[in-house]
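Visitor: Sharing a structure with you now.
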């Protein structure tokens with residue numbers, strides 16, 4: 001008989017950090033209906049460094065706060081057509097970075113797109129949480145305290 005591993009439970013929304021991108025905290029929606037994860041980014045600029053395709057972008061990590069801006073850079077590992085919430089396919093840069101939640105840190109793929117009109121600055125898709133957590137769709141902030149900026 002296969003031994004079951006007990007996975008920790010997270011809420012449908014949590015606060016996480018993206019340390020390699022200089023983002024100390026951002027509120028995410030855990031979206032098991034989405035395969036990939038997406039981060040709100042704007043002023044996305046592609047460039048080359050040592051022969052590698054890179055991307056420089058800006059992030060407003062808090063909703064309704066356009067004063068606090070983080071500027072990040074990362075290597076582009078792919079560009080993929082992703083269907084947005086409106087059903088339209090858009091080409092997005094894909095980066096590889098680490099996420100922190102519950103004191104754990106692990107690498108994820110992250111697409112960059114403008115989410116200005118969306119309620120959450122980031123979606124954490126099922127590939128990022130698969131085999132790592134169970135999601136309680138009726139509860140929030142099970143692993144992170146709600147911050148003053150929401």
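The values are calculated or read from the model by the stated rules, or taken from the named source; none is laboratory data. None of these values were measured; they are calculated from a predicted model. Cβ coordinates were reconstructed from backbone atoms using ideal geometry, including for glycine residues, and neighbour counts include every protein chain displayed.
Visitor: How many of the residues making up the stretch 79-92 are on the phi > 0 side of the Ramachandran plot and touching a strand residue (DSSP E or B) at 6+ places or on another chain (Cβ under 6 Å)?
Guide: Initial filter on the stretch 79-92 (on the phi > 0 side of the Ramachandran plot): 87.
Filter again for touching a strand residue (DSSP E or B) at 6+ places or on another chain (Cβ under 6 Å), leaving none.
So the answer is 0.
Visitor: Name every residue in the stretch 83-92 that is without any contact (Cβ under 8 Å) to a residue 40 or more places away in the chain and within 15 Å of the chain's Cα centre (by Cα), in order of residue number.
Guide: Looking only at the stretch 83-92, we keep the residues that are without any contact (Cβ under 8 Å) to a residue 40 or more places away in the chain, and these are 83-91.
If the condition is that a residue be without any contact (Cβ under 8 Å) to a residue 40 or more places away in the chain and within 15 Å of the chain's Cα centre (by Cα), then 84 is the only one that fits.
Visitor: If you don't mind, there's one more thing I want to ask. Evaluate the stretch 93-114: report whether one residue or more is closer than 26 Å to residue 46 by Cβ, touching a strand residue (DSSP E or B) at 6+ places or on another chain (Cβ under 8 Å), in contact (Cβ under 8 Å) with a residue 60 or more places away in the chain and part of a loop (DSSP other than H, G, I, E, B). Walk me through it before giving the result.
Guide: Going residue by residue through the stretch 93-114, those that are closer than 26 Å to residue 46 by Cβ are 93-99, 107-114.
Then drop every residue that is not touching a strand residue (DSSP E or B) at 6+ places or on another chain (Cβ under 8 Å), which leaves 93-99, 107-114.
Checking which are in contact (Cβ under 8 Å) with a residue 60 or more places away in the chain leaves us with 97-99, 108-114.
Next, from what is left, pick out any that are part of a loop (DSSP other than H, G, I, E, B): 114.
Scanning the stretch 93-114 turns up at least one residue that is closer than 26 Å to residue 46 by Cβ, touching a strand residue (DSSP E or B) at 6+ places or on another chain (Cβ under 8 Å), in contact (Cβ under 8 Å) with a residue 60 or more places away in the chain and part of a loop (DSSP other than H, G, I, E, B).
Visitor: Also, I was wondering about something else. I need the full set of residues from the stretch 2-60 which are on the phi > 0 side of the Ramachandran plot and either loosely packed, with under 13 Cβ neighbours inside 10 Å or touching a helix residue (DSSP H, G or I) at 6+ places or on another chain (Cβ under 6 Å) (or both), in order please. Steps first, answer last, please.
Guide: Of the stretch 2-60, the ones on the phi > 0 side of the Ramachandran plot are 22, 43, 50-51.
Once the filter is applied, which keeps residues that are on the phi > 0 side of the Ramachandran plot and either loosely packed, with under 13 Cβ neighbours inside 10 Å or touching a helix residue (DSSP H, G or I) at 6+ places or on another chain (Cβ under 6 Å) (or both), the stretch 2-60 yields 43, 50, 51.
Visitor: I would also like to ask the following. Return the residues of the stretch 86-115 that are at pLDDT below 90 and exposed (fewer than 12 other Cβ atoms within 10 Å of the Cβ); say none if nothing qualifies.
Guide: 86, 87, 88, 89, 103
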